[in-house]
1. Take the residues of segment 19-36 that are within 20 Å of residue 55 (Cβ to Cβ) and at pLDDT below 70: which is farthest from the chain's Cα centre (by Cα)?
2. I'm trying to understand the selection: among the residues of segment 423-442, which are in contact (Cβ under 8 Å) with a residue 40 or more places away in the chain, closer than 19 Å to residue 352 by Cα, in contact with a helix residue (DSSP H, G or I) (Cβ under 6 Å, 6 or more places away or on another chain) and buried (at least 20 other Cβ atoms within 10 Å of the Cβ)?
3. Within segment 111-157, restricting attention to residues that are in a loop (DSSP other than H, G, I, E, B) and within 28 Å of the chain's Cα centre (by Cα), which residue is surrounded by the fewest Cβ atoms within 10 Å (Cβ to Cβ)?
4. Between 51, 73, which is modelled with pLDDT of 75 or more, closer than 30 Å to residue 130 by Cβ and over 51 Å from the mean Cα position of the chain (by Cα)?
5. Among the listed residues 346, 388, 355, 366, which satisfies the condition of being out of contact with any strand residue (DSSP E or B) (no Cβ under 7 Å at 6 or more places or on another chain) and closer than 18 Å to residue 313 by Cα?
6. Which ones in segment 87-110 are in a helix (DSSP H, G or I), under 35 Å from the mean Cα position of the chain (by Cα) and under 19 Å from residue 54 (Cβ atoms)?
7. Name the residue that is surrounded by the most Cβ atoms within 10 Å (Cβ to Cβ), counting only residues in segment 305-345 that are under 25 Å from the mean Cα position of the chain (by Cα), modelled with pLDDT of 90 or more and more than 15 Å from residue 292 (Cα to Cα).
8. Please verify whether residue 204 is in contact with a helix residue (DSSP H, G or I) (Cβ under 6 Å, 6 or more places away or on another chain), surrounded by 14 or more Cβ atoms within 10 Å (Cβ to Cβ) and closer than 24 Å to residue 135 by Cβ, treating the condition exactly as stated.
């Protein structure tokens, strides 16, 4: 007879004997509590071994009966309550009855209150209290439960001495709770703490430990998340390091191997986008292809993996211009389409991406057939996307772009009307503080302007200028994009409505120092300077036409200061700040880089990944970045000597140059040449 069968029979006989003894014992007999305790322990042991719900039910029954007979001052009460909490927690995981998780929390809470600080059981009971609050959060969604879970688990950690065997598991449990709160509230501190605690757990976990692989996988994921938030090169480097280590520990045939190859490939892809080094893109491709080779035919993940591979190829095409990458992007995405069932949730992304690929090929090769195909695929993506789908605004923008280009080819007003319609829908679905709001508003401005030029309807000109104004003044956008839009606004107003161009030029001039500086390499600065050569002259010409000579002088001097200081490298606001307040300079640069890299070109269609963020998540991220950037500027401008940091100089200060004699400023515009005279007595 097998050993397991013998043990099962012995357990059954033991329970039968105890039940018989209990049935023969009179009510009120002093041995009843002992018999009940023996019965609940017997059922507990059998439940742990056989995992049958009936034993858990009986354990709860006998523990509850024991509790009713246990006086408040009984030294074993806290242990009994802890065991009863565990049993209710287990039953909740099985049946999902809310009453069980409520009782689990109530019982363990009282147990903790009855446990002295020096009791070794305190650590486990605090940890269990945190775990039950986290379980209730996952089922009911109350953030207060998540806060309590982290608080009690943190108390358990504080009570655990160094070298305690439970330390790694307590650290990893706390990390799980922090991850849940990060996913729910998107607070950077939770990400920071998770990395800190998981790094401690990694140090405490020896080579060969069964938990090491999971710790490396989680730590790599956290560093990857933080890179997405802060765009710090060290984070993606650490992600690659831990994910590579995890990959070396993953045996061939492990079901998690394809996923680990994909995440490592994504980290290399992100570093490629950051540094532009082809080795990273080649590694990303290699890992993605390996994952694909390990994915069996019929695997439900095959379409998403092919879709992501198509995204890698189109990104390399945009960076390196190799037409073969564009063709491969199409090939893999079409293969994904052939495998996707009618109800596959990734179909809208597949069709949208195919539309992007055809649009890119149209712009590269000029074949009108590609433009027609782009419109067809994007239209199908839009038709398939359910209400609330995260890709709808992006698809609407791409579809509007394609119709705009077809209008430019054929001049059919219907295409312009469709462009207007799709952009209007995208605007309605895009929060004002979403980074894509600038792209949608700027595109919509251009569409209204095209309408005005085509029809002569001044209403469209007014709408065009208003959308330019909103986009260039939006705090959610990068200063670079806002400056570019402000320049377009100023040029449009100057050409079509000169009386309204002063505000536009003022906006562009105010953004000029940030445009020249933010996130720019030396080569980028020279390129940026070439884009701003005519701004000051055009702005001053507009101010002189409006008889605002002080403003003309102010704008000319501001542009001269920025352009000359950057061209000749005579000064750098960031270098000056870094020499006195290096921490603030580093933080400002990091946030500026994030804002710069997060926004896409207003005319570039965007592909969708299988794990794209929701519109709300992206909006939250940019709200935080925009607020952090402006808060840093405010903080810096409160420092001595930095009150005008990244601000234009005012006319009152400029006129001080005329203390001993007149100053003449000459402005040469293509339409006119003007001179302003500033005298000491003026």
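The values are calculated or read from the model by the stated rules, or taken from the named source; none is laboratory data. All values reported here derive from a predicted model rather than from experimental measurement. A quick note on method: Cβ atoms are made from the backbone with ideal geometry, for glycine too, and the neighbour counts reach across all protein chains shown.
1. Only one residue fits best here, namely 20.
2. 430, 440
3. 141
4. Details: 51 fails: over 51 Å from the mean Cα position of the chain (by Cα).
Only one candidate qualifies: 73.
5. On the way: 346 fails: closer than 18 Å to residue 313 by Cα; 388 fails: closer than 18 Å to residue 313 by Cα; 366 fails: closer than 18 Å to residue 313 by Cα.
Checking each option against the conditions leaves just 355.
6. 89, 90, 92, 93, 94, 95
7. 314
8. Numbers: in contact with a helix residue (DSSP H, G or I) (Cβ under 6 Å, 6 or more places away or on another chain): yes; surrounded by 14 or more Cβ atoms within 10 Å (Cβ to Cβ): yes; closer than 24 Å to residue 135 by Cβ: no.
No, not satisfied.
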